[in-house]
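Notes to accompany the following structure.
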Amino acid sequence: MIKSNKKNQNIKVILIYIISIIGVLWSLFPIYWMIKSSFTPDAEMYQLNPKLVPSHFTLDHYKDLFTETIFMKNFVNSIYVSVFSTLIALFFSITGSYAMTRLRYKGRLFIKNSIFFSYLLPASVLFIPMYIMISRVGLGNNKNALLIVYQTFIIPYCCYMLMSYFTAIPKAMEEAAFVDGCNHIQALVKIILPIALPSIAVVATFAFTLSWNEYLYALVLTTSPSQQTVTIGISNFKYSDTFIWGLIMSSSVIASLPAVILYMLAQKFLKTGLAAGSVKQ
């Protein structure tokens, strides 16, 4: 009986490992194919049966990307838009979430529900009125317009995440600060923010990613290549029914680096923040 149980347990462990390995390979293969294709010569890339490992490696796609296109201008535009969109969203989300979880005033529940429902609205419904509004204020074909428009979906998401975290922080800590003479702003800066650093790091990471990957608003609101972001820059390497796969794959590799680096940095920050910002009873 004991041997049978051990055998069944071993079979379960083996099945778990097999399923895990298949899942990892399934997830990593598109990334491998993207990187591999970015170093594959055109003559070999367009073969009927492409190889898993190219017989020759080339840097021509990256050379053409850097010297013959303005993709790096698009890259800089995306960095600019994503960083400032994240900073703006964090400021309004932190202060708004604090006000909706700690202060009592008329219409608080209505505002909270409005934020939640505004996040559910798809961009395909809003891009036409957004285009009209941006055109009337004189920001048409300007990457700065994205700083305004992106807040319509980043701030609701950040508020939705932060409100649940702020609610979990004991109010007794703020009350002690109020006794010592702190006002609400000081309590937010000195008490809430240090404790909430892990959640703020998570929210900032996703806010940056949402801005970085956004396509529809960037396509509609920026028409000049010098104002466009990486998502539009990559799509510009498709002409009619022709795909320039070398440039598409190499630009995709470059475009994925900021998000990967940010996630790596955020992971280290989260470990530190969880230890330093924990609530001690």
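Readers should treat all values here as calculations from the given coordinates under stated rules, not as data from a laboratory. Nothing here was measured: the structure is a model prediction, and the numbers come from that model. Note that each Cβ is placed from the backbone with ideal geometry, even for glycine, and that neighbours are counted across all protein chains shown.
The range 25-66 and the range 119-179 have Cα centres separated by 39 Å.
Exposure proxy for K112, K190, K12: other Cβ atoms within 10 Å of each Cβ, ordered fewest to most, give K12, K190, K112. Only helices enter this figure: runs of n ≥ 4 DSSP H residues, each worth -39500 (n - 2.57), summed and divided by the residues of the chain, yield -24000 deg cm²/dmol at 222 nm to the nearest 500. Ranked by the mean number of other Cβ atoms within 10 Å of their residues, highest first, the peptides 253-261, 16-24 come out as 253-261, 16-24.
Go through the range 19-67 and name the trypsin sites (Lys or Arg not before Pro) that are in a DSSP coil and have 12 or fewer other Cβ atoms within 10 Å of their Cβ.
Numbers: sites: K36, K51, K63; in loops: K51.
Answer in residue order: K51.
Taking every C-alpha pair closer than 8 Å and separated by at least 6 residues, the mean separation divided by the residue count of the chain gives a relative contact order of 29 percent.
Pair-distance distribution P(r) for the chain, from all Cα-Cα distances in 10 Å bins starting at 0: 6, 20, 24, 22, 16, 9, 3, 0 percent.
Which order do peptides 67-77, 237-247 fall in by mean Cβ count within 10 Å, highest first?
By packing density, highest mean first, the sequence is 67-77, 237-247.
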